[in-house]
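Undergrad: This is the structure, below, for whatever I ask next.
The values are calculated or read from the model by the stated rules, or taken from the named source; none is laboratory data. Predicted, not measured: the structure shown is a model, and the values here were computed from it. Reconstructed Cβ throughout: ideal geometry from the backbone, glycine too, with neighbour counts over all protein chains shown. With ligands, DNA and RNA removed, areas are computed over all heavy atoms of the protein, side chains included. Shrake-Rupley method; radii C 1.70, N 1.55, O 1.52, S 1.80 Å.
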Amino acid sequence: MTVTLDSAAIAQYLVDHPQFFEEHAGLLGEVKLSSPLTGRAVSLQERQMEVMRDKYKALELRMAELMRHAEENAAIANRFHGWTRQLLEAGAPDEAPAAMPRAVVDGLIQHFMVPQATLRLWNLGPEHASAWYASDVSDDVRLFASGLRAPYCGPNRDFEAVHWLDDSAEVRSTVLVPLRAGTTAFGLLVLGSPDPERFSASMGTDFLVHIGETASAALLPLRA
């Protein structure tokens with residue numbers, strides 16, 4: 001009578017008896033398997049080498065991806081360092097507080113290579129009433145900024161704040177970052193690009209949160 005062996009039972013037997021192929025070393029060369037790479041029959045040893053090469057290639061790809069992310073993060077950290085240094089220099093005792101909004105905007109353009117950037121602030125001291133950063137802020141924009149729980153990053157949906165940019169008609173993607181004193185919004189930072197993919201909805205916003213927090217801290221002295 002022919003006994004049908006269960007493949008799972010055979011596999012478990014080999015796991016439980018790792019010395020099997022040591023005792024039957026000849027089988028390593030005799031057992032033939034179909035190679036998914038070439039389609040030809042190969043020995044168990046050759047198939048094992050193919051599996052190991054596949055695993056090694058996957059590890060290489062993963063390592064390359066990790067290195068790419070590390071390089072990108074290092075570049076971002078260096079840019080952030082350059083921007084914050086510029087803000088510190090703008091906040092030096094011999095500098096006027098009104099220089100800070102321009103430092104925030106110009107620093108983002110310079111260090112992060114943002115095509116366009118601007119901001120608006122409200123609830124400022126009366127000495128800032130005629131400044132460029134205190135103009136053209138509607139109630140709708142203030143409500144919008146107050147309602148943002150995280151920076152907006154994605155396509156330009158004809159946001160009112162985007163029209164603050166010099167070439168607003170060219171903006172296809174945008175970033176809108178609320179500027180806060182505690183939980184209260186007192187400004188809005190706007191970034192714009194003609195590239196629809198520059199600021200996409202799939203981008204993480206953690207780094208933008210840090211930009212917003214840093215800019216908010218730098219601009220707080222301008223509040224009333």
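Undergrad: Within region 172-193, identify whether any single residue is part of a loop (DSSP other than H, G, I, E, B) and either in contact (Cβ under 8 Å) with a residue 60 or more places away in the chain or aromatic (Phe, Trp, Tyr) (or both), and answer yes or no.
TA: Within region 172-193, not a single residue is part of a loop (DSSP other than H, G, I, E, B) and either in contact (Cβ under 8 Å) with a residue 60 or more places away in the chain or aromatic (Phe, Trp, Tyr) (or both).
Undergrad: So, residue 116, is that one more than 17 Å from residue 223 (Cβ to Cβ) and surrounded by 16 or more Cβ atoms within 10 Å (Cβ to Cβ) or not?
TA: yes
Undergrad: Got a number for residues in region 194-224 being in contact (Cβ under 8 Å) with a residue 12 or more places away in the chain and either touching a Gly at 6+ places or on another chain (Cβ under 6 Å) or of a type in the set (Gly, Ala, Ser) (or both)?
TA: Looking only at that region, the number is 7.
Undergrad: Are any residues in region 176-224 among the β-branched types (Val, Ile, Thr) and either closer than 16 Å to residue 118 by Cα or loosely packed, with under 13 Cβ neighbours inside 10 Å (or both), and if so, which ones?
TA: 177, 183, 184, 190, 211, 214
Undergrad: If a residue counts only when it is under 30 Å from residue 203 (Cβ atoms) and at pLDDT 70 or above, which helices (runs of 4 or more DSSP H) contained entirely in region 1-104 have at least 3 such residues?
TA: Filter on region 1-104 gives 44-90.
Undergrad: Suppose we keep only residues that are of a type in the set (Phe, Trp, Tyr) and outside any loop (DSSP other than H, G, I, E, B) within region 122-171. Which one would you say is nearest to residue 200 (Cα to Cα)?
TA: 152
Undergrad: While we're here: Give me the residue from region 178-213 that is among the β-branched types (Val, Ile, Thr) and under 26 Å from residue 126 (Cβ atoms) and, out of that set, modelled with the highest pLDDT.
TA: 190
Undergrad: For region 128-146, state whether one or more residues are under 20 Å from residue 101 (Cα atoms), open to solvent by less than 20 Å² (accessible area, probe 1.4 Å) and of a type in the set (Val, Ile, Thr).
TA: yes
Undergrad: Mind checking which residues of region 53-91 are open to solvent by less than 60 Å² (accessible area, probe 1.4 Å) and of a type outside the set (A, V, I, L, M, F, W, C)?
TA: Matches in region 53-91: 82, 84, 86, 91.
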